[in-house]
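Data first, discussion second: the structure below is written as structure tokens.
Every number in this text was worked out from the coordinates using simple rules, so none of it is lab data. Fair warning: this is a prediction, and the values are worked out from it, not measured in the lab. Note that each Cβ is placed from the backbone with ideal geometry, even for glycine, and that neighbours are counted across all protein chains shown.
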Amino acid sequence: MLKKINKIKDQFIYDLNKVKTIEEAEKLKKSLLGKESELSQILKSLKDSDINDKQAIGIASHELRTFIAATIVEFVARIKKEALDAKLASEKIDVSLTGTLARFGTKHPLNIVVEEITQIFTEIGFDVLNGNDVESDEYCFQKLNLPVGHPARDMQDTFYIDEETVLSTHCTHMTARVLTQMAKDENFEGNYACVAIGNVYRRDDDDATHSHQFMQLDLLCIGKKITFANLKWVLKYMCKRLFGEEVNIRLRPSLFPFTEPSVEVDVSCFKCSGKGCSICKYSGWIEILGSGIINEQVMLLNGMDPEKNTALAFGAGIERIAMLKFGISNIRNLYENNVQFLEQFKFYGE
């Protein structure tokens, strides 16, 4: 019997080496450990065996059963692991391969200028307002001393939506709205300062320095003792912060319907330090904005008493500031979304 048991074991090892699948392993196990298997028949015949052989045959039979069961379990586990390893290998992602290089966005030069202006004026207590794209004729023209028939209201300059509504031709309409609101506010103490930034639209032929749509900054500072000296300080403070401490300003008399007196503001060329170059057209100065003290008629049209309060104001093009600040020669570069152009500002301010 012991020889028979050893022969079953040897045959099992031989047959298992030929097995390739889990199903074949389970079938082999059943053939060796099932009720009708040869090993089961040996165990059943123990009752007829010699009493001296029973213990040895019983131990050998049970050891073989345990060996077969454990070996089959190990074989099945190995087959499953090999299958899993093969699946993982087929689905493996090689992270060492070069992937698609994603471009990082950059700050737009116009946003850079807007952020700088916002920071400059919020630091000294100004509110920052958003201009309206669409405005009424009343606030865009009439309340700013631009009555019906004024040349600036000509259809050549303004986009009319209807007879009473226009696309904003300047951001100064926010000055009219603020003055009107302050005049109606019973709690207004007579002092307020803000900057408004918004899109403006004009019927203009697009070229290197002109666009039918651009951005404008408009500043208003109202108080009981506002003078021209305050205007000069604000202008000088902003220009030095935007273009550098070495920059100087020059004021030239001008004429605007919103302000009286009015001045054009020039800054000394920050490229050649006033010596003359292509940027300043060899004059040493660059025109940057128009400004002045709010016209008494504008104050009255918006419900303010010019005897009690005065105000200073100026307006500047954001694109013009950006073009001067960064040496941009064509305004269209600011709107064409050219990646190579925009990447020049990737590390600005770092």
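Here are the numbers:
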| quantity | calculated |
| --- | --- |
| Residue-by-residue Karplus 3J(HN,Hα) for the range 266-279, coefficients 6.51, -1.76, 1.60, Hz, glycine and proline x | 10, 10, 5, 4, 7, 8, 9, 6, x, 7, x, 7, 5, 5 |
| Whole-Hz couplings from phi, Karplus 6.51/-1.76/1.60, listed for the range 224-237; x for Gly and Pro | 7, 9, 6, 10, 5, 5, 5, 4, 4, 5, 4, 4, 5, 4 |
| Of Asn337, Val263, Ile79, farthest towards positive along the dipole that unit charges on Lys, Arg, Asp, Glu beta carbons give the chain | Ile79 |
| Computed label-point distance, nm, for sites Ser329 and Val95 using a 7 Å Cα→Cβ extension | 4.9 nm |
| Alpha-carbon centroids, the range 138-172 and the range 250-298: separation in whole Å | 24 Å |
| Debye, to nearest 20: dipole size of the range 180-312, +1 on Lys, Arg Cβ, -1 on Asp, Glu Cβ | 540 debye |
| Gained length - Lys107 relative to Lys275, 0.36 nm times residue gap less alpha-carbon distance | 57.3 nm |
| Cβ-derived FRET efficiency at R0 41 Å, Leu88 paired with Glu26, nearest 0.05 | 0.95 |
| Semi-axis lengths (Å, descending) of the ellipsoid that matches the C-alpha gyration tensor of the chain | 94, 24, 19 |
| Of Lys107/Lys184; Lys275/Lys325; Lys143/Lys281; Lys275/Lys346; Lys4/Lys30; Lys225/Lys275, those spanning more than 28 Å from alpha-carbon to alpha-carbon | Lys107/Lys184; Lys143/Lys281; Lys275/Lys346; Lys225/Lys275 |
| Candidates Phe243, Phe67, Phe126, ranked by Gaussian network fluctuation over the chain, Cα under 10 Å, top entry | Phe67 |
| Using a Förster distance of 30 Å, the FRET efficiency for Asp10-Ala77 (Cβ separation, nearest 0.05) | 0.80 |
| Linear extension gain, Lys184 paired with Val128, 0.36 nm per residue minus alpha-carbon span | 18.1 nm |
| Amide H contacts under 5 Å for Thr259, placed H, 5+ residues apart | Asn295 |
| Per the chain, cysteines lacking a partner by the 4.7 Å Cβ criterion | Cys140, Cys171, Cys194, Cys221, Cys239 |
| Peptides ranked, highest mean first, by Cβ atoms within 10 Å: ranges 295-305, 179-189 | 295-305, 179-189 |
